[in-house]
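Every number in this text was worked out from the coordinates using simple rules, so none of it is lab data. What you see is a predicted model; the values in this text were computed from it and never measured. Neighbour counts run over all protein chains shown; Cβ positions are idealised from the backbone, glycine included.
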Amino acid sequence: MIDIRRHVRSGMLLVAAASLLAGCHGPQRLDMARLPGPAQDYLLVSTYFMAEGGLVSRLQDGGLSGQQVYDMATSLKYGKHTIMTMLQKPSGRARRDGRQAVALMVACTNQTDPSTLHGMAPPRCIPGAPPMPVNAKGQVAPPPAGPAPR
């Protein structure tokens with residue numbers, strides 16, 4: 001009588017070993033730093049526009065608190081400024097700043113929906129920013145009424 005479990009087990013072991021060996025010899029991933037400067041700039045600008053599209057789409061979906069909208073607008077303005085600086089004066093530092101600005105835009109796009117936080121203030125997507133006061137609906141509380149600054 002043939003033991004089918006032994007054949008299945010050995011076949012699965014053979015497939016696992018072959019896939020492990022095939023994964024070791026796969027194509028190497030190219031590093032963006034090996035590309036020439038103009039190619040890096042092109043890729044960074046196209047990445048910026050994709051991040052901007054995601055940010056605008058998230059804003060149109062709604063359901064964001066005032067703090068989140070403010071953070072998104074701030075990250076968009078910062079991203080646009082750093083990309084323009086990188087295009088005007090290309091350098092390694094400008095490219096690194098541009099990549100960080102695009103990463104900040106993506107982080108602000110991926111913010112949690114405030115309705116799932118049960119009245120708690122959503123965390124800021126901008127590093128080092130102090131939390132803004134919010135009401136129970138997740139909206140930024142208006143500033144206290146007082147005399148207008150001169």
**Item:** Exposure proxy ranking, count of Cβ atoms within 10 Å, fewest first, for Ile83, Ile4, Ile126
**Value:** Ile4, Ile126, Ile83
**Item:** Cα-projected label distance for Leu35 with Met50, points at 7 Å along beta-carbon direction, nm
**Value:** 1.0 nm
**Neighbourhood charge, 13 Å Cβ-Cβ cut-off, centred on Cys125 and excluding it, Lys, Arg +1 and Asp, Glu -1** = +1
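What is the sum of charges, Lys and Arg at +1 and Asp and Glu at -1, for the other residues whose Cβ falls under 15 Å from the Cβ of Thr82? The partial results should precede the final answer.
Details: positive: Lys77, Lys80, Lys89, Arg93, Arg95, Arg96, Arg99; negative: Asp41, Glu52, Asp97.
Once all neighbours under 15 Å are counted, the net charge is +4.
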**Request:** For Arg93 paired with Ala129, estimate the spin-label separation in nm (one decimal), with each label point 7 Å from Cα along the Cα-to-Cβ line.
**Result:** 2.5 nm
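If you add up the charges near Ser46, with Lys and Arg at +1 and Asp and Glu at -1, over every other residue whose beta carbon is less than 15 angstrom from its beta carbon, what do you get?
On the way: positive: Lys80, Arg95, Arg99; negative: Asp41, Glu52.
Result for the local shell: +1.
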**Cα-projected label distance for Ala107 with Lys77, points at 7 Å along beta-carbon direction, nm** = 1.9 nm
**Asked** Once you charge only the Cβ atoms, +1 for Lys and Arg and -1 for Asp and Glu, what is the size of the charge dipole of the range 38-111 about its Cα centre, to the nearest 20 debye?
**Response** 300 debye
**Request:** Grab the beta carbon distance between Asp61 and Thr85, set R0 = 25 Å, and tell me the FRET efficiency rounded to 0.05.
**Result:** 0.25
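Restricting attention to the range 29-133, which trypsin sites (Lys or Arg not before Pro) occupy a DSSP loop and are surrounded by at most 14 other Cβ atoms within 10 Å? Please report the intermediate quantities before stating the final value.
Numbers: sites: Arg29, Arg34, Arg58, Lys77, Lys80, Arg93, Arg95, Arg96, Arg99, Arg124; in loops: Arg29, Arg124.
In loop regions of the range 29-133 (DSSP not H, G, I, E or B), the sparsely surrounded trypsin sites (Lys or Arg not before Pro) are Arg29.
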